[in-house]
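Take a look at the structure below.
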Amino acid sequence: MKVYAYTFITAKSPRRVVQIIRKIPGVSGVEALFGTLDAIAIMEGDAIASMDAVIDRIVEVPEVLATDSKVARRIE
């Protein structure tokens with residue numbers, strides 16, 4: 001079963017954060033946003049634990065000020 005996670009990011013330096021997060025294994029995409037949030041990272045994996053590990057790496061990026069993550073699974 002595939003598990004997906006979406007992490008909404010507030011950052012001190014959005015451009016730098018996007019560049020760093022793109023290099024984190026498990027991140028399938030990251031885009032800058034316009035508005036109150038600065039970026040969104042999208043992850044895909046086989047277990048919730050693997051998504052948690054990727055989210056933990058995102059939170060550790062020094063320029064990241066805050067995150068809000070949602071883990072999801074596709075229902076057929």
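Where in the chain are there strands (runs of 3 or more DSSP E), lying fully within it, with 1 or more residues that are touching a residue at least 12 places away in the same chain (Cβ under 8 Å) and over 12 Å from the mean Cα position of the chain (by Cα)? Talk me through it step by step, then tell me what you get.
On the way: elements: 3-11, 27-32, 39-45, 64-73.
Where strands (runs of 3 or more DSSP E) fall fully within the chain and carry at least 1 residues being touching a residue at least 12 places away in the same chain (Cβ under 8 Å) and over 12 Å from the mean Cα position of the chain (by Cα), they are 3-11, 39-45, 64-73.
Scanning region 31-54 for residues that are of a type in the set (A, V, I, L, M) and more than 16 Å from Val18 (Cβ to Cβ), which turns out surrounded by the fewest Cβ atoms within 10 Å (Cβ to Cβ)?
Kept after step one, since they are of a type in the set (A, V, I, L, M), are these residues of region 31-54: 32-33, 37, 39-43, 47-49, 51, 53-54.
Adding the requirement that they be more than 16 Å from Val18 (Cβ to Cβ) leaves 47-49, 51, 53.
Numbers: Ala47: 11, Ile48: 13, Ala49: 9, Met51: 23, Ala53: 15.
Ranking the qualifying residues of region 31-54, first place goes to Ala49.
Out of all the residues in region 41-50, is one or more more than 18 Å from Val3 (Cβ to Cβ) and at pLDDT 95 or above?
No: zero hits.
Look at Ser50 and say whether it is touching an Asp or Glu at 6+ places or on another chain (Cβ under 7 Å) and among the polar types (S, T, N, Q).
Judged against the criteria, Ser50 is not a match.
The values are calculated or read from the model by the stated rules, or taken from the named source; none is laboratory data. All values derive from a computational prediction rather than experimental measurement. Glycine also receives a Cβ, built like all others from the backbone with ideal geometry; neighbour counts cover every protein chain displayed.
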